[in-house]
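Data block below; observations after.
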Amino acid sequence: MINLNGRIVKPEELQKEITNSEQRTILKQMAGSPVVYYYPSLQQLKFELLFRVNTIKAATALDKSGAKFTTFTYSFPNRKYWYRLPNGGFLLREGVNPSEGIEDIVKNGKLYAFECATGIAIVLYLAALYTIGPRAFNTYFSRLYLMDWQFDEDLPIYSKEGEDFIIGDVLHFKNPDFDPKQPWWRAENVIFFGNDQFYGHGVGIRDSKTIINFLNGKRKENPDESAYLMRMITRPNYNTIFLLR
């Protein structure tokens with residue numbers, strides 16, 4: 001359900017304000033959920049819908065970029081824009097606009113390799129750029145750092161238990177019996193596209209069965225438990241990011 005300024009609203013009431021078909025699909029998902037989504041204003045609701053659509057746009061761009069999957073040990077960036085730190089993270093070079101640095105990853109993906117959590121971070125930073133624009137993005141993310149689940153304070157994220165999966169959410173497949181020689185396949189972090197489609201760096205855009213089968217192929221000998229989609233959702237704090245515009 002959607003609570004807008006203290007009142008439950010239906011998608012048909014917002015048809016004039018929300019005309020984008022992708023945003024309308026997300027709106028219907030929210031309205032059909034037993035979970036209540038609260039928005040103090042229509043502008044904040046529209047901002048979240050736009051950010052979610054841009055998350056799908058960013059994930060699709062990263063999938064097509066040619067960026068490779070690897071572990072922190074073997075990660076590498078385009079050194080024109082990024083320093084590679086000893087821990088495998090990427091730090092934006094001085095004098096480089098953050099918008100240019102993050103966009104280079106999808107423009108010149110073959111010059112990059114990283115693991116799946118950093119891939120999720122890249123998608124969310126790209127979505128922020130597409131949503132708030134380069135001027136605000138360059139102001140708030142001046143020393144961009146890409147490493148695992150470490151996010152800038154101006155792009156806060158949180159996790160919660162639940163199954164109210166909405167397009168643009170970050171979800172998580174767990175592989176309990178992962179091969180200890182390949183610990184990076186203990187999980188796969190993904191962007192939810194809807195209709196049982198997910199993007200994960202290293203697996204591409206796939207359905208849940210394909211991702212589970214892939215992870216099951218990365219288990220120890222004589223495994224007891226299949227990989228599975230967790231009841232956990234990770235989301236940006238859209239209301240906080242809204243204030244950056």
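In segment 208-242, the qualifying residues are those that are in a strand (DSSP E or B) and not charged (D, E, K, R), and the one that is farthest from ALA121 (Cα to Cα) is TYR228.
Here's the yes/no breakdown for (1) out of contact with any Pro (no Cβ under 7 Å at 6 or more places or on another chain); (2) in contact (Cβ under 8 Å) with a residue 24 or more places away in the chain; (3) open to solvent by less than 70 Å² (accessible area, probe 1.4 Å); (4) more than 23 Å from PRO86 (Cβ to Cβ):
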| site | (1), (2), (3), (4) |
| --- | --- |
| ILE132 | yes, yes, yes, yes |
| ASN138 | no, yes, yes, yes |
| ARG143 | yes, yes, no, no |
| GLN150 | yes, yes, no, no |
| ILE167 | yes, yes, yes, yes |
| VAL170 | yes, yes, yes, yes |
| ASN175 | yes, yes, yes, yes |
| GLN182 | yes, yes, yes, no |
| GLU188 | yes, yes, yes, yes |
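For segment 139-160, the condition holds for no residue, the condition being that it is within 30 Å of SER33 (Cβ to Cβ) and in a helix (DSSP H, G or I). Inspection of segment 151-159 finds a residue satisfying the criterion of being at pLDDT 95 or above, polar (S, T, N, Q) and in contact with a strand residue (DSSP E or B) (Cβ under 7 Å, 6 or more places away or on another chain).
Residue pairs whose Cβ atoms lie under 9 Å apart, sitting 6 or more positions apart in sequence or on different chains, and linking a residue in segment 39-60 that is under 20 Å from GLU103 (Cβ atoms) to a partner that is open to solvent by less than 10 Å² (accessible area, probe 1.4 Å) and among the hydroxyl-bearing types (Ser, Thr, Tyr), are ILE56/TYR199; ALA58/TYR125; ALA59/TYR199; THR60/TYR199.
If only residues of segment 41-75 that are out of contact with any helix residue (DSSP H, G or I) (no Cβ under 8 Å at 6 or more places or on another chain) and either surrounded by fewer than 18 Cβ atoms within 10 Å (Cβ to Cβ) or of a type in the set (Ser, Thr, Tyr) (or both) are counted, the one that is farthest from VAL190 (Cα to Cα) is SER41. Taken over segment 128-162, the criterion of being under 15 Å from ASN97 (Cβ atoms) and of a type in the set (Val, Ile, Thr) is satisfied by ILE132, THR139. Whether any residue in segment 212-219 is basic (Lys, Arg), modelled with pLDDT of 95 or more, more than 27 Å from VAL36 (Cα to Cα) and open to solvent by 10 Å² or more (accessible area, probe 1.4 Å) is what I want to check. Yes. Across segment 190-202, the qualifying residues are those that are assigned to a loop (DSSP other than H, G, I, E, B) and open to solvent by 20 Å² or more (accessible area, probe 1.4 Å), and the one among them that is farthest from LEU49 (Cα to Cα) is GLY202. Confirm whether TYR158 is surrounded by fewer than 20 Cβ atoms within 10 Å (Cβ to Cβ) and touching a Gly at 6+ places or on another chain (Cβ under 9 Å). Criteria not met by TYR158.
When segment 1-33 is limited to residues that are among the polar types (S, T, N, Q), open to solvent by 50 Å² or more (accessible area, probe 1.4 Å) and in a helix (DSSP H, G or I), the one that is farthest from ASP164 (Cα to Cα) turns out to be SER21. Scanning segment 1-21 for residues that are without any contact (Cβ under 8 Å) to a residue 40 or more places away in the chain and under 13 Å from LEU49 (Cα atoms) turns up PRO11, LEU14, GLU17, ILE18, THR19, ASN20, SER21.
The values are calculated or read from the model by the stated rules, or taken from the named source; none is laboratory data. Treat the numbers as computed from the prediction; the structure is a model and nothing was measured. Virtual Cβ from ideal backbone geometry, glycine too; neighbours counted across all protein chains shown. The accessibility values were calculated without ligands, DNA or RNA, using every heavy atom of the protein model including side chains. Shrake-Rupley method; radii C 1.70, N 1.55, O 1.52, S 1.80 Å.
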